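The values are calculated or read from the model by the stated rules, or taken from the named source; none is laboratory data. Predicted model, so just to flag it, every value in this text is computed and none were measured. Backbone-built Cβ (ideal geometry, glycine too); neighbour counts: all protein chains shown.
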Ligand code: SF4
Ligand code: SF4
């Protein structure tokens, strides 16, 4: 899941200052789950914009605005009102914003309502934690399912640095050292011999951006 958080209203109004008639797009998946682009947030955004003198002509909430067929369908359903709109404000992550821009055949100016923060897992209490950096070379199989690329401040692949102190990270005494977590997990699994295996260095070419995965011929 991609975590995003709404920008301050003042910043949004500054980016929309040249436009009065606005169309809103939300996100029924990630942004709805992290409360930055679901139905309640769309309704509140409409009220906030209208209190600031804008007119919200309409809104839609595709399941996932980053999926072309879904956003195309929603934009097509709203084409009449979009023809009268001057700009689109997207309450989703940057993927949703760019997908709306690419699939809006009217070529309206598209603005992000949110900042995109990180990819996360959600716990049973609804909190979000970054656990993977999407590095394109997963080592979880060798690190007892704990990602040092993400959880270690230095992304170390071969054990802790010299700064680890009482199990905590030298960059933040509140944070567990990733390699202590890995050690404990391997100890629990009786696999401590594995921790001595040296990981080869990462091939950073694999994580060069932008990534793509072409599925169509
Ligand atoms: S090693 Fe870590 S950052 Fe890389 S893919 Fe695996 S979980 Fe994600
Ligand atoms: S103390 Fe542990 S988590 Fe922090 S930088 Fe060093 S190895 Fe990484």
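Could you say whether any residue in region 70-84 is in contact with a helix residue (DSSP H, G or I) (Cβ under 6 Å, 6 or more places away or on another chain) and loosely packed, with under 15 Cβ neighbours inside 10 Å?
The initial filter retains those residues of region 70-84 that are in contact with a helix residue (DSSP H, G or I) (Cβ under 6 Å, 6 or more places away or on another chain), namely 71-72.
Imposing the further condition that a residue be loosely packed, with under 15 Cβ neighbours inside 10 Å reduces the set to none.
Within region 70-84 (the criterion being in contact with a helix residue (DSSP H, G or I) (Cβ under 6 Å, 6 or more places away or on another chain) and loosely packed, with under 15 Cβ neighbours inside 10 Å), the answer is no, since none of the residues qualifies.
Restricting attention to region 7-38, which residues are surrounded by 21 or more Cβ atoms within 10 Å (Cβ to Cβ) and part of a strand (DSSP E or B)?
22, 23, 24, 25
Which one is surrounded by the most Cβ atoms within 10 Å (Cβ to Cβ) among residues in region 181-207 that are under 23 Å from the mean Cα position of the chain (by Cα) and under 20 Å from residue 153 (Cα atoms)?
The residue in question is 207.
Please indicate, with yes or no, whether at least one residue in region 54-64 is part of a helix (DSSP H, G or I) and either touching a helix residue (DSSP H, G or I) at 6+ places or on another chain (Cβ under 9 Å) or free of Cβ contacts under 8 Å to residues at least 40 places away in the same chain (or both). Don't jump to the end; show me each part of the working.
Residues of region 54-64 that are part of a helix (DSSP H, G or I), as a first pass: none.
Checking region 54-64: not a single residue is part of a helix (DSSP H, G or I) and either touching a helix residue (DSSP H, G or I) at 6+ places or on another chain (Cβ under 9 Å) or free of Cβ contacts under 8 Å to residues at least 40 places away in the same chain (or both).
Among the candidates 113, 144, 64, 92, which residue alone is at pLDDT 95 or above, outside the structural domain of residue 192 (by TED's automatic domain parsing) and out of contact with any strand residue (DSSP E or B) (no Cβ under 9 Å at 6 or more places or on another chain)?
On the way: 113 fails: out of contact with any strand residue (DSSP E or B) (no Cβ under 9 Å at 6 or more places or on another chain); 144 fails: outside the structural domain of residue 192 (by TED's automatic domain parsing); 92 fails: out of contact with any strand residue (DSSP E or B) (no Cβ under 9 Å at 6 or more places or on another chain).
Residue meeting the stated conditions: 64.
Kindly state which strands (runs of 3 or more DSSP E) lie completely within region 81-164 and contain at least 1 residues that are within 16 Å of ligand 2 (Cβ to nearest atom) and either over 30 Å from residue 44 (Cβ atoms) or within 24 Å of the chain's Cα centre (by Cα) (or both).
Numbers: elements: 87-90, 110-112, 114-122, 128-130.
The qualifying strands (runs of 3 or more DSSP E) are 128-130.
Show the residue pairs meeting these rules: Cβ distance below 8 Å; 6+ apart or different chains; first residue within region 167-190 and assigned by TED's automatic domain parsing to the domain that holds residue 144 and more than 16 Å from residue 150 (Cα to Cα); second residue within 13 Å of ligand 2 (Cβ to nearest atom) and in a loop (DSSP other than H, G, I, E, B).
Partner pairs satisfying both residue conditions: 167/177; 185/146.
Please pick out the residue among 66, 138, 132 that is loosely packed, with under 15 Cβ neighbours inside 10 Å and under 26 Å from residue 208 (Cα atoms).
On the way: 66 fails: loosely packed, with under 15 Cβ neighbours inside 10 Å; 132 fails: loosely packed, with under 15 Cβ neighbours inside 10 Å.
After applying the criteria, what remains is 138.
Of the residues in region 29-48, how many are within 17 Å of residue 115 (Cα to Cα) and either in contact (Cβ under 8 Å) with a residue 12 or more places away in the chain or touching a strand residue (DSSP E or B) at 6+ places or on another chain (Cβ under 8 Å) (or both)? Give the derivation first.
Applying the first criterion (within 17 Å of residue 115 (Cα to Cα)) to region 29-48 yields 29-38, 41-42, 45.
Adding the requirement that they be either in contact (Cβ under 8 Å) with a residue 12 or more places away in the chain or touching a strand residue (DSSP E or B) at 6+ places or on another chain (Cβ under 8 Å) (or both) leaves 29-34, 36-38, 41-42, 45.
Residues meeting the conditions: 12.
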